[in-house]
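Read the structure below first, then the notes.
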Amino acid sequence: MNTTDSVEVEPVGRVVTSVRVENLEDLFAARNGTLPEDRVRRIEIAEARVDTGATMFSLPTHMIQQLGLKKIRDRTVVTTRGVATAAVYDAVRLTILGRDCTVDVIEVPDGVPPLVGPIPLEALDLVVNPAARTLTTNPAHGGEQVLELL
């Protein structure tokens with residue numbers, strides 16, 4: 001697989017990537033046999049924005065509702081408009097370029113694209129090449145997903 005499969009670059013220089021987001025509670029229920037696999041709530045997003053300033057993984061309200069996620073707390077966040085409060089929702093399984101991780105979801109308003117920040121990128125061992133405006137596997141790890149525990 002080419003390390004840039006599923007990654008497109010918007011004309012303004014932003015990196016976008018396709019992602020799969022799955023309801024973790026549903027995945028556990030399917031694994032335990034209490035929910036058929038085809039009933040697991042999941043969404044495929046063709047163009048999630050890779051945003052190294054976003055920190056976490058964010059989804060618009062309608063996608064959170066589609067996944068059936070539950071709010072777990074509020075957190076103070078810093079946005080381009082200043083300090084605000086954002087809702088944090090259940091963790092999901094996030095898959096990008098064939099790699100997956102578990103990550104909490106921060107709510108953003110409808111109209112804001114899904115945002116993939118550095119925390120999930122670190123867990124997935126993916127890096128942004130700003131010169132090429134691409135998302136790729138970490139070249140320091142020879143194509144393998146490696147977690148650094150330094």
Does any residue of region 47-55 turn out to be of a type outside the set (D, E, K, R) and farther than 14 Å from Gly117 by Cβ? no
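Tally time: how many residues in region 25-46 are under 13 Å from the mean Cα position of the chain (by Cα) and in contact (Cβ under 8 Å) with a residue 40 or more places away in the chain?
As a first pass, look at region 25-46 and keep what is under 13 Å from the mean Cα position of the chain (by Cα): 42-46.
Of the ones still in play, those that are also in contact (Cβ under 8 Å) with a residue 40 or more places away in the chain are 45.
Total satisfying the criteria: 1.
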Does region 128-150 contain any residue that is more than 17 Å from the chain's Cα centre (by Cα), of a type in the set (D, E, K, R), farther than 30 Å from Arg39 by Cβ and surrounded by 17 or more Cβ atoms within 10 Å (Cβ to Cβ)? yes
Pull out all pairs, ordered by first then second residue, where Cβ-Cβ is under 9 Å, the residues are six or more apart or on different chains, the first lies in region 74-97 and is within 19 Å of Arg20 (Cα to Cα), and the second is outside any strand (DSSP E or B) and of a type in the set (S, T, N, Q). Ile96/Ser6; Leu97/Thr3; Leu97/Thr4; Leu97/Ser6
Region 98-107, residues that are out of contact with any Leu (no Cβ under 7 Å at 6 or more places or on another chain) and either touching a residue at least 60 places away in the same chain (Cβ under 8 Å) or not acidic (Asp, Glu) (or both): Gly98, Ile106
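Answer yes or no as to whether Val19 is closer than 23 Å to Ala123 by Cα and either of a type in the set (S, T, N, Q) or surrounded by fewer than 17 Cβ atoms within 10 Å (Cβ to Cβ) (or both). Let's see the steps before the verdict.
Details: closer than 23 Å to Ala123 by Cα: yes; either of a type in the set (S, T, N, Q) or surrounded by fewer than 17 Cβ atoms within 10 Å (Cβ to Cβ) (or both): no.
So Val19 does not fit the description; no.
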Would you please name the residue that is farthest from Leu97 (Cα to Cα), looking only at residues in region 125-140 that are modelled with pLDDT under 85 and in a loop (DSSP other than H, G, I, E, B)? Ala131
Taking region 48-85 as the region of interest, how many residues are among the small types (Gly, Ala, Ser), crowded, with 17+ Cβ neighbours inside 10 Å and in a strand (DSSP E or B)? 2
Tell me which residues, restricted to region 71-115, are closer than 25 Å to Ala46 by Cα and among the small types (Gly, Ala, Ser). Ala86, Ala87, Ala91, Gly98, Gly111
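The values are calculated or read from the model by the stated rules, or taken from the named source; none is laboratory data. It should be emphasised that the depicted structure is a prediction, and the values quoted were computed from it without experimental measurement. So basically every Cβ, Gly included, is an ideal-geometry build from the backbone, and we count neighbours across all protein chains shown.
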